[in-house]
Amino acid sequence: MSKLAFMPFQYRHITFPDATRGDRLPFNFTTQDAGPKPKREGEEDLSGDEYESVGWLLDKAGLSISDYRPETIKRRIPACIRAVRVATIRDVCTTAGRHPELLRTAISALMIGVSSFFRDASVFETLGRSILPQLLADGSWPRIWSAGCSEGAELYSVAMLLAEQGALPRCELLGTDCRADAIARARAGTYTVEGIKGVPDNWLPRYFITDGRGWRAHPSLRTGMQWRSGNVLNTPEPGLWDLILCRNMAIYLHAPTAGRLWAQLEQSLRPGGVLVLGKAERPHGATTLRPIAPCIFRRDRS
Ligand SMILES: C[S@@+](CC[C@H](N)C(=O)[O-])C[C@H]1O[C@@H](n2cnc3c(N)ncnc32)[C@H](O)[C@@H]1O
């Protein structure tokens with residue numbers, strides 16, 4: 001079967017490299033010669049080259065450009081070009097086509113992965129003071145999922161709160177992100193001196209080990225944590241969850257895609273389960289989620 005048959009329609013006019021044939025040029029863009037074509041959503045903000053190139057890169061990571069707000073993508077293109085050390089976004093694709101290991105670098109630079117320990121301190125205070133104790137009081141083994149976990153600071157923050165309550169060993173903790181290298185760093189649990197900021201001073205020696213240059217999460221924190229890379233929009237994690245944190249990811253999504261995400265997360269919560277969002281996010285369209293504290297929503301029990 002033709003290689004093109006596997007490609008999403010919008011990429012079929014791009015000639016991809018065939019390593020077995022030793023093609024010298026990874027691919028040629030023909031969009032400029034193709035004459036006017038109808039604009040897709042987002043193309044007002046991105047040039048044709050940008051849309052095609054970023055679309056191709058995201059597609060390689062299992063993501064779809066149509067899910068993201070174009071202005072966010074646009075802002076990250078210079079960083080992506082710098083990270084791959086080339087001159088244009090088209091060069092990024094050409095280079096990543098020749099050196100697939102650079103795909104991760106390009107995707108990481110395109111996505112916004114800003115995170116920190118105990119980000120939005122008041123939310124973690126509520127989690128530690130009331131939400132987690134309530135979950136633990138049920139006597140069950142709480143399942144906790146950080147969706148869009150970046151390099152893991154969010155989930156390690158929850159893990160420390162659970163450890164303080166002596167409950168970490170009886171909890172299931174999962175972190176997922178679309179960036180494979182962020183997941184690799186989360187799994188390693190290593191942070192720079194700058195990256196570790198936010199962890200209270202007296203908790204640092206309790207939960208992290210230093211080699212003088214950086215910090216690594218203590219094995220007692222890491223043991224039992226699971227990390228997976230994937231697109232949360234098309235790979236719901238199996239089973240029902242007691243607590244889902246999905247913070248500061250939906251702000252980068254198109255409203256309809258964010259709506260799909262809320263519906264999916266709503267279904268992934270057990271009745272009575274809790275969803276934690278970023279400060280600027282609301283689960284629009286999710287009819288069974290009620291606000292119980294700033295950024296915190298509970299699914300109806302029935
Ligand atoms: C700004 S960071 C937020 C990290 C953390 N949740 C926090 O609030 O500190 C957003 C994260 O979402 C991830 N992300 C974006 N789209 C995603 C998708 N479709 N599936 C999984 N992760 C995604 C990005 O790679 C990035 O690590």
Binned at 5 Å from 0, what are the whole-percent values of the Cα-Cα distance distribution for region 153-242, short to long?
3, 13, 24, 23, 19, 11, 5, 2, 0
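Scan the chain and report its longest stretch carrying no GluC sites (Glu not before Pro) that are both in a DSSP loop and have at most 11 other Cβ atoms within 10 Å.
Values: sites that count: GLU44, GLU194.
Within the chain, the longest run free of exposed GluC sites (Glu not before Pro) spans 45-193.
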When the C-alpha atoms of the chain are aligned to their principal axes, what extent does each axis show, in angstrom, from largest down?
64, 50, 35
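Report the full-extension gain for the segment ARG260 to GLN226: residue separation times 0.36 nm, less the Cα-Cα distance, to one decimal in nm.
Working it through step by step, the gained length comes to 9.8 nm.
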Cα long-axis angle, helix 70-84 against the chain (0 to 90 degrees, to the nearest 10):
80 degrees
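Once you have the Cα-Cα distance between ARG82 and ASP45, take 0.36 nm times their residue separation minus that, and quote the gain in nm to one decimal.
On the way: separation 37, 0.36 × 37 = 13.32 nm, distance 2.03 nm.
Answer, rounded to one decimal: 11.3 nm.
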Alpha-carbon centroid distance for the pair region 68-113 / region 48-62, whole angstrom
9 Å
Note: probe point = Cα of ARG129 + 7 Å toward Cβ; backbone nitrogen < 11 Å; residues of region 232-261 passing the test are none
Using a Gaussian network model of the chain with C-alpha springs under 10 Å, which one of ASP242, ASP177, ASP45 is most mobile by mean-square fluctuation?
ASP45
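Stretched out fully, how many nm does the piece from LYS60 to LYS74 gain, at 0.36 nm a residue minus the Cα gap?
Details: separation 14, 0.36 × 14 = 5.04 nm, distance 1.83 nm.
So the extension gain works out to 3.2 nm.
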Would you please state which residues of region 237-261 a label at GLN165 would reach in this model, taking the label point 7 Å out along Cα→Cβ and a backbone N cut-off of under 12 Å?
243
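How many percent of the alpha carbon pairs in region 214-276 exceed a separation of 13 Å?
Values: 1374 of 1953 pairs.
Taking all Cα-Cα pairs of region 214-276, the fraction more than 13 Å apart is 70 percent.
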Whole-Å distance, taken between Cα centres, linking region 160-181 and region 271-297:
20 Å
Of all stretches in the chain that avoid trypsin sites (Lys or Arg not before Pro) placed in a DSSP loop and having at most 15 other Cβ atoms within 10 Å, the longest is 86-196
So what is the calculated 222 nm ellipticity per residue for the chain, using -39500 (n - 2.57) for each DSSP H run with n of 4 or more, over all residues, to the nearest 500 deg cm²/dmol?
-10000 deg cm²/dmol
When the Debye formula is applied to the Cα atoms of region 72-155, each taken as the same point scatterer, what base-10 log of I(q)/I(0) results at q = 0.15, 0.18, 0.21, 0.22 Å⁻¹?
-0.68, -0.80, -0.95, -1.01
In the chain, if the dipole is taken from +1 on Lys/Arg beta carbons and -1 on Asp/Glu beta carbons about the Cα centre, which of VAL199, ILE209, SER146 is farthest to the positive end?
ILE209
Run the count for the chain, please: Lys pairs, Cα-Cα under 26 angstrom, 8 or more apart or on different chains.
10
Of all DSSP beta bridges in the chain, antiparallel share, percent nearest 5
45 percent
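Please work out the ratio of the alpha-carbon Rg of region 184-302 to 2.2 N^0.38 Å and round it to two decimals.
On the way: Rg = 17.0 Å, N = 119, 2.2 N^0.38 = 13.5 Å.
So the Cα radius of gyration is 1.25 times the expected 2.2 N^0.38 Å.
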Starting from the Kirkwood radius over alpha-carbon pairs of region 243-284, derive D by Stokes-Einstein at 10 °C in a medium of 1.306 mPa s and give it in µm² s⁻¹.
153 µm²/s
Toward the positive end of the charge dipole of region 91-231, about the Cα centre and with charges on Cβ (Lys, Arg +1; Asp, Glu -1), which of ALA182, SER115, LEU132 goes farthest?
ALA182
What is the helix-to-structure angle for 101-110, meaning the angle in degrees between its Cα long axis and the longest Cα principal axis of the chain, kept from 0 to 90 and rounded to the nearest 10?
70 degrees
Between ALA121 and LEU240, what is the spin-label point distance in nm, taking each point 7 Å from the Cα along the Cα→C-beta axis?
3.6 nm
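Each reported figure results from applying straightforward, stated rules to the coordinates on display, with no laboratory input. All figures in this text were calculated on a predicted structure; none of them were measured in a lab. Note that we place each Cβ from the backbone using ideal geometry, even for glycine, and neighbour counts take in every protein chain shown.
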